[in-house]
1. Per-residue ellipticity at 222 nm for the chain, helices alone: DSSP H runs ≥ 4 residues times -39500 (n - 2.57), over residue total, nearest 500 deg cm²/dmol?
2. Nearest 10 degrees is fine. How inclined is helix 360-374 to the longest principal axis of the chain, computing both from alpha carbons?
3. With each pseudo-label sitting 7 Å past Cα toward Cβ, what's the ASP404-ARG316 distance in nm, one decimal?
4. Which order do the peptides 73-83, 20-30 come out in when sorted by mean C-beta neighbours inside 10 angstrom, highest first?
5. What percent of all Cα-Cα pairs in the chain falls in each 10 Å bin, counting up from 0?
6. Provide the per-residue ³J(HN,Hα) series for segment 422-437, in order, calculated from phi with Karplus coefficients 6.51, -1.76, 1.60 and θ = phi - 60°, each as a whole number of Hz, with x at glycine and proline positions.
7. Could you tell me the convex hull volume per residue, in Å³, taken over the Cα atoms of segment 149-315?
8. Using alpha-carbon pairs under 8 Å, 6+ residues apart, how would you state the relative contact order of the chain in percent?
Amino acid sequence: MSYQTENILIVDDDLHILELLQRHLHSLDYHTYRAISVKQALQILKESDIDLLITDIQMPEVDGLELLKYTAEHFPQLPKLVITGFPSMDGALDVIKSGATDYLTKPFTREELKQAVQKSFESVVRKKPVARAAHLSRGASGDMIGSSDAFMKVLDTVGRVKDNRATVLIQGESGTGKELVARAIHYSGKYARAPFIAVNCAAIPENLLEAELFGYSKGAFTGATENRNGFFQAAQGGTLFLDEIGNAPMAVQTKLLRALQEKEIVRVGSRKTEKVEIRIIAATNSDLRDHVSKNSFREDLYYRLSVVGIRVPPLRDRKSDIPDLVHQFLKKYGLEYRDRYVAIQPEALKVLERYGWPGNIRELENVVQRAVIMCDEKVTLKDLPDYLKYEIEFPDEHFTSLKDMERNYIKQVLAHTGNNKTRAAEILRIDRKTLREKLK
């Protein structure tokens, strides 16, 4: 028999249905693979080139809907045909929403199966994803993008502090865009033409941080061959952004407190004070009050820094902003790598909207950047990393009796051999008579 080039995977825990489907599909010249569980089906999908999935819904442990959801994201181009013995309007909607191309109700004829299979293959040719147009939201402020309530609260505070020198403390998880908020405060206000100096306190060794911030005098330490200005002097008249302020050592915290209180600093190795007129914006991804309770951060400095507090929400709390952010990154990296805007498939965008984003906007930007590099004409599900996509949680393995294990293993071997009892007996290394007795 000469089979067609299409490979069809059949998934059903009922061996009789598996045999019936395989017999019908063989008569239509299709090549088939068989699985009696979702776990087996996933193994075959990962190891073989499958052109069509046919699955039952009602199965033990993990049902067919879970398999549909998984394949809809990990194998988005794979057509999926559902065969069910429990037809209902709600059930049909659940099946279609889970990614099935069509569904067939038991019992069915060979001709009905043939038409359903052909329709499933044809759907792959007809389906063409439509890209959503890129746009910026009404809440855009420089590189800050969004229109959610949480984001608009941040923008409201930015608008209230941009034209004064009040000290601002920005708190939020890593990757939420704390420096973008600081830059928005500076560049949207009346001090925009003055310097904006950003310092990562965690990136500078403790023994150097004081000299880098306040400058040093000639001879202050070995290698100090001249007077040198620090970040405070460089930011004169503008804004000094102190990122990861919670990592500043106690000696530096003391000098920062004096700078905030008296608006003056002292260089390392000098006794002369220097007046500074700057705005300080500090940021942290940790809870400074917790540091205060552990005596690792000065309480008086904490209150000096938090005259105005801004809490930048994590991306999971402003998911309605994800489409705007995605399209902005698509535009940014599309122009950088391809000299044009790169569109995104709606199904791929839904995956991005659903994910929790522990790395926040920075993680989202990295994912979109990679997708633009890896995609063809537009970003699709295949261009997204697997960890974003739907995963099936199998129940914990439970111990069973030897009798149950033997029965399940015999069913698997029979499914593998197409119910060829002679071949199954050979694999099991028992005679046909023994196999017949066990099957009873």
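1. -13500 deg cm²/dmol
2. Value to nearest ten degrees: 60.
3. Result for the modelled spin labels: 3.5 nm.
4. Details: 73-83: 20.5, 20-30: 16.8.
Ranking, from highest mean packing down: 73-83, 20-30.
5. 4, 16, 19, 16, 13, 11, 10, 7, 3, 1, 0
6. Result, rounded to whole Hz: 5, 5, 4, 4, 5, 5, 7, 6, 9, 8, 4, 5, 5, 4, 4, 5.
7. Values: hull volume 17.9 nm³, N = 167.
Each residue corresponds to 107 Å³ of Cα convex hull volume.
8. 15 percent
FYI, it's all coordinate maths here, none of it is from the lab. Remember, it's a predicted structure, so these values are computed and weren't measured experimentally. Positions of Cβ are backbone-derived with ideal geometry, glycine not excepted, and every protein chain shown enters the neighbour counts.
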